[in-house]
Structure formats: C-alpha cells, structure tokens
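So the structure is just underneath, and the comments pick up after that.
Bear in mind these aren't lab numbers, they're just calculated from the coordinates by the rules spelled out. These figures come from a predicted structure and were not determined experimentally. Every residue, glycine among them, receives a Cβ derived from its backbone with ideal geometry; neighbour counts consider all protein chains shown.
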Amino acid sequence: MEWFDVGKIVNTHGIKGEVRVISSTDFPEERYQRGKTLYLFQSGKEPLKLTVSGYRRHKNFDLLTFDGYDNVNLVEAFKEAQLKVSADQQNELDEDEYYYHEIIGCEVFSEEGERIGRITEILSPGANDVWVIKPESGKDVLIPYIESVVKEVSISDKKVIIHAMEGLL
C-alpha cells in the first residue's frame, strides 16, 4: 500500500490527549475533520489506525485529539511519529490543483527554457503556497504559487514552467 505524509507529531499539548503536529498536508482542514482516519507510523511498529476527534490551530501548529486517547499519558509515546493517509484516502482534485507529493521533485524551467532547479519543499505561510527550488549551486529559490509566476505544470513530465519576474531569481 502507498502512504502519504500528513504531518509529524512533535509534542503533546496540555493534559487531555492533544498532540502538536507540524503539518505537511495540502488540506489540513479536510484531513483533520472529526471522524477522519489517520495512520500513526512509528519505527519498528505496525501502523496504528486513529480517528480524529478534535482539531484546532494554535500558533504555527495543528492540534489534534483522537478517539480513545483523552489523556496525555496515552499520547506521550506518539512524539516524533508520522501521521499518514493511504492512497485511496486521497480525493480527486480540480484542474490546476495538485498534491504536494506531485509537485515535490519537479524540475523548474523559465519560459526561455533555462533550468532553474528542482522543487524540494512546499511552504504554506499564508494566502498562497511557496515552492522551494534547489538550484545546481547557490541559495534556494522561493517561488510563490500564483498565476502570474507559475505558467505551466506537467505532473506526468515532472516539469514546471515559470515566468521569472524581475527580482524573483
């Protein structure tokens, strides 16, 4: 079975079984809805099926609770574990929408055909995502995922074409 990362549990929060998650999901509001299923992966153990019983945002973290885990002592062992979903839990997306795992690894080129680098990470700081591009040499390049910059995305070719606005590179 194919699995996709949703987030990493980095700590507990309070005494009622809440965990702090650094999310790597494209859709936290959807993934963390009450009743949704997530799988907890810890090294050397079988995946543990968890049902979300609560979700809220706090500072830069997503806070989750799970059915049957209403005490900090029950979730303490979850620290550093990965939360994942299976491939069949992924929804169909609209045109021009992509899962992070489809974008990460794509080669990025300017409209003139110049290779800029490979997408290594996606940041979600606010209104739009920011794609982190690792060039052959030098510092990472940050590209906002907006219409005026990202001109073409081909998931099948793992290729992205951007309009390199002045000051972007």
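Below 8 Å between Cα atoms, with a sequence gap of 6+, how large is the relative contact order for the chain in percent? Write down the numbers at each step before the final one.
Details: 339 pairs, mean separation 31.1, N = 169.
So the answer I get is 18 percent.
Qualifying chymotrypsin sites (Phe, Trp or Tyr not before Pro) in segment 96-160, where qualification requires a DSSP coil assignment and no more than 14 other C-beta atoms within 10 Å, are lacking entirely. Under a model in which nothing but the beta-carbon of Lys, Arg (+1) and Asp, Glu (-1) is charged, segment 121-169 shows a dipole of about 80 debye around its Cα centre. Looking at the square roots a ≥ b ≥ c of the eigenvalues of the Cα gyration tensor of the chain, which shape do they give, rounded for a/c under 1.5, prolate if a/b is larger than b/c, or oblate? Judged from the Cα gyration tensor, the chain comes out prolate (a/c at least 1.5, a/b above b/c).
What ranking of Ile9, Ile155 emerges when the number of other C-beta atoms within 10 Å of each C-beta is taken as an exposure proxy, fewest first? Don't skip to the answer; put the middle values down first.
Numbers: Ile9 20, Ile155 12.
Going from sparsest to densest Cβ surroundings: Ile155, Ile9.
Rounded to the nearest 500, the 222 nm mean residue ellipticity of the chain from helices alone is -1000 deg cm²/dmol, with -39,500 (n - 2.57) taken per DSSP H run of at least 4 residues.
Assuming R0 = 25 Å, what is the FRET efficiency of Glu121 and Asp70, from their Cβ-Cβ distance, to the nearest 0.05? With a Förster radius of 25 Å, E is 0.15. The gain in end-to-end length when the Phe4 to Asn60 segment is fully stretched comes to 18.0 nm, 0.36 nm per residue minus the alpha carbon separation.
Taking loop as defined by DSSP and a crowding limit of 11 other beta carbons within 10 Å, which GluC sites (Glu not before Pro) in segment 1-78 fit?
Working: sites: Glu2, Glu18, Glu29, Glu30, Glu76; in loops: Glu2.
Those satisfying the criteria are Glu2.
DSSP loop GluC sites (Glu not before Pro) in segment 85-124 with at most 14 other Cβ atoms within 10 Å of their Cβ, which ones? List each step's numbers first, then the result.
Values: sites: Glu92, Glu95, Glu97, Glu102, Glu107, Glu111, Glu112, Glu114, Glu121; in loops: Glu92, Glu95, Glu97, Glu111, Glu112, Glu114.
Of the GluC sites (Glu not before Pro), the ones in loops of segment 85-124 whose Cβ has at most 14 other Cβ atoms within 10 Å are Glu92, Glu95, Glu97, Glu111, Glu112, Glu114.
Legend: residue pairs Lys8/Lys134; Lys36/Lys59; Lys16/Lys139; Lys84/Lys159; Lys36/Lys134; Lys79/Lys151, Cα-Cα distance threshold 32 Å; pairs beyond threshold, Lys16/Lys139; Lys36/Lys134; Lys79/Lys151.
Just rank Asp94, Asp62, Asp129, Asp70, fewest to most, by other beta-carbon atoms within 10 angstrom. Mind showing how you got there, number by number?
Working: Asp94 6, Asp62 21, Asp129 18, Asp70 15.
Going from sparsest to densest Cβ surroundings: Asp94, Asp70, Asp129, Asp62.
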